[in-house]
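The structure under discussion appears below in the form of structure tokens.
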Ligand code: HC0
């Protein structure tokens, strides 16, 4: 600990924190802008400038570590003037069309102006680069709105390790983007959208699909089916002022019905289905391994499209490790246009499937040629929030609604897909029971070592006794790993490439923490909010009567009436795919 003085208050603070952190610990708020909690220092905007006695110039509070005896002033005339000038210079190169901007009243730059007390725009002149990159299905970059805070650069490089966004050029020509001025579709962007979650203005956002969906909802003769991802219910409420971690499953279903969707389905149904297909695929591979046959292990989950794009870009020689399962929402789309279309007597051409996802990469996923138009549009959680507001729906006062049958029935195992480790836990709940004929012997069915928000987790299961079909597994230990965030994914892939991976099964999600912090979730997402959303996901699971995918009666009926058996002919035709280099 060290002793410092801020604004004449004597404080004791840890010796390894910055002035910004020390001040915050004691309730002293220093305006800041480019700072991203929990990651490397950035220091590009200098809005957090403070006076430090003995220093020749103002210091950036986010970049300067405290020292014993330091005396800091955060609110002097000099400091306030400096902040104002910095802000006004940033504003001089920013469009003034706030009223029609998508981030109006949700813009951190606008809020900062209020805090600093800037009410006019004294500097007029040339504007730097005016370019909009909208040549990909997921993310729109509007360089005219970029304020060069470089939060996206930090996210892309240090958190995700993708490394495609950087400062380019110098001086007035500086812009943030891929090198040589490429658009995102020309380089190895994973479309994870994490950059859109930290952008303080409207320079980075998801590609808007709202108007396409409105058009279909108003089109005569269209059957518009909607499905919602596991993580959306744990975050949508934030768009309507609920505290992070508030579950709004029932209100979300009611709002979707009011918006005019004809069938309100749940991606969770297809998450249960994924466990049956993926679980059996894993058992098939493991059986071969136990019998010393050639097989690609570890098997890796394939439901996160940002992750799929990453492995294709960076480790294409490892594609055989991916499960052949399509992601759950694609499975549901495929079933909606086959099994369900037949059941309700509607031509699949007249069915339009919309997925509400916490993810920007899902917008890209539906355009992949392997996916055969299973899903027609993806809206992010943020976009759904906007649509509900546009329609004048009083979300907070809605009576809880319900999903429709049969694709609205799901188990707790599907709920936990929304957080890192959830797909693996759901798979273990089923696979363990198939192998041993007994329920997973863990408290509350949870596989503790793979719970929580650590970016890499691992666990193992010893198979002491197995059923007759799986006798060969007795005495074996199954090793699993879970990674979230692409930097962590890279570490596990490197192990495979080096031939030292100890695992049989790996879950990978592109976004840190999994889908709860997807690129399309409400802003902001930080460590505290992530934790709250994760707890909500586990609450949803624990509140369910059925908590294992193989107990879902609607899934059992689907196999009986339509699919036949897991990994059967129909499943391969509709629910599986393969990725090629
Ligand atoms: Fe996810 Fe999914 S769990 S990727 O994280 O598997 O986006 O929530 O919808 O499809 O189910 C995201 C979340 C999904 C899919 C599911 C998977």
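The values are calculated or read from the model by the stated rules, or taken from the named source; none is laboratory data. Predicted model, so just to flag it, every value in this text is computed and none were measured. Because the Cβ atoms are built from the backbone with ideal geometry, glycine has one as well, and the counts that use them run over all protein chains shown.
Exactly one of (1) more than 16 Å from the ligand (Cβ to nearest atom); (2) in a helix (DSSP H, G or I); (3) surrounded by fewer than 20 Cβ atoms within 10 Å (Cβ to Cβ) is unmet by residue 388. Its number?
Unmet condition: (3).
Sort through 355, 410 and tell me the only one that's in a strand (DSSP E or B), within 13 Å of the ligand (Cβ to nearest atom) and within 27 Å of residue 512 (Cβ to Cβ).
From the options 355, 410, the qualifying one is 355.
Enumerate the strands (runs of 3 or more DSSP E) found wholly within region 146-254, keeping only those where 1 or more residues are surrounded by 24 or more Cβ atoms within 10 Å (Cβ to Cβ).
Of the strands (runs of 3 or more DSSP E) lying wholly inside region 146-254, those with at least 1 residues that are surrounded by 24 or more Cβ atoms within 10 Å (Cβ to Cβ) span 175-177, 204-206, 223-228.
Within region 433-477, track down each residue that is crowded, with 16+ Cβ neighbours inside 10 Å and over 28 Å from the mean Cα position of the chain (by Cα).
433, 434, 435, 436, 440, 461, 463, 466, 470, 473, 476
Looking for something modelled with pLDDT of 95 or more and on the phi > 0 side of the Ramachandran plot - is there at least one such residue anywhere in region 61-73?
yes
Residues checked against (1) without any contact (Cβ under 8 Å) to a residue 60 or more places away in the chain; (2) within 9 Å of the ligand (Cβ to nearest atom):
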residue	(1), (2)
267	no, yes
271	no, yes
281	no, no
289	no, no
293	yes, no
297	no, no
301	no, yes
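Being in contact with a helix residue (DSSP H, G or I) (Cβ under 7 Å, 6 or more places away or on another chain) and not in a loop (DSSP other than H, G, I, E, B) is the filter here, so list the residues in region 45-58 that pass it.
Within region 45-58, 49, 50, 51 qualify.
Answer yes or no: is there a residue in region 504-518 that is within 16 Å of the ligand (Cβ to nearest atom), at pLDDT 95 or above and surrounded by fewer than 17 Cβ atoms within 10 Å (Cβ to Cβ).
No: region 504-518 contains no residue that is within 16 Å of the ligand (Cβ to nearest atom), at pLDDT 95 or above and surrounded by fewer than 17 Cβ atoms within 10 Å (Cβ to Cβ).
Conditions: (1) closer than 23 Å to residue 355 by Cβ; (2) at pLDDT 95 or above; (3) surrounded by 24 or more Cβ atoms within 10 Å (Cβ to Cβ). Residue 540 meets all but one. Number of the miss?
(3)
With the requirement that a residue be over 11 Å from residue 323 (Cβ atoms) and crowded, with 24+ Cβ neighbours inside 10 Å, what does region 290-307 give you?
304, 305, 306, 307 - these are the residues of region 290-307 that are over 11 Å from residue 323 (Cβ atoms) and crowded, with 24+ Cβ neighbours inside 10 Å.
Would it be correct to say that residue 351 is farther than 28 Å from residue 312 by Cβ and touching a residue at least 40 places away in the same chain (Cβ under 8 Å)?
Judged against the criteria, residue 351 is a match.
Looking at region 327-348 only, could you name the residues that are more than 16 Å from the ligand (Cβ to nearest atom) and part of a loop (DSSP other than H, G, I, E, B)?
345, 346, 347
Quick check on residue 423: is it within 14 Å of the ligand (Cβ to nearest atom), modelled with pLDDT of 95 or more and closer than 30 Å to residue 451 by Cβ?
Yes: the conditions hold for residue 423.
Out of the residues in region 255-277 that are surrounded by fewer than 21 Cβ atoms within 10 Å (Cβ to Cβ) and touching a helix residue (DSSP H, G or I) at 6+ places or on another chain (Cβ under 7 Å), which is farthest from residue 529 (Cα to Cα)?
Let us first name the residues in region 255-277 that are surrounded by fewer than 21 Cβ atoms within 10 Å (Cβ to Cβ), namely 257-260, 262.
From the residues that got through so far, the ones that are touching a helix residue (DSSP H, G or I) at 6+ places or on another chain (Cβ under 7 Å) too are 259-260.
On the way: 259: 28, 260: 31 Å.
Out of the qualifying residues, it is 260.
Looking only at region 406-418, decide whether some residue is surrounded by 20 or more Cβ atoms within 10 Å (Cβ to Cβ) and more than 29 Å from residue 450 (Cα to Cα).
no
With the checklist (1) in contact with a helix residue (DSSP H, G or I) (Cβ under 8 Å, 6 or more places away or on another chain); (2) at pLDDT below 95 in hand, flag the one item residue 311 doesn't pass.
It fails just one condition, (2).
Out of (1) touching a helix residue (DSSP H, G or I) at 6+ places or on another chain (Cβ under 6 Å); (2) within 30 Å of residue 161 (Cα to Cα), what's the single condition that is false for residue 90?
Single failed check for residue 90: (1).
If residue 532 passes every condition in (1) within 16 Å of the ligand (Cβ to nearest atom); (2) modelled with pLDDT of 95 or more; (3) assigned to a loop (DSSP other than H, G, I, E, B) but one, which one does it miss?
Answer for residue 532: the failing condition is (3).
Kindly provide the set of residues from region 64-82 that are within 15 Å of residue 31 (Cβ to Cβ) and assigned to a loop (DSSP other than H, G, I, E, B), ordered by number.
74, 75, 76
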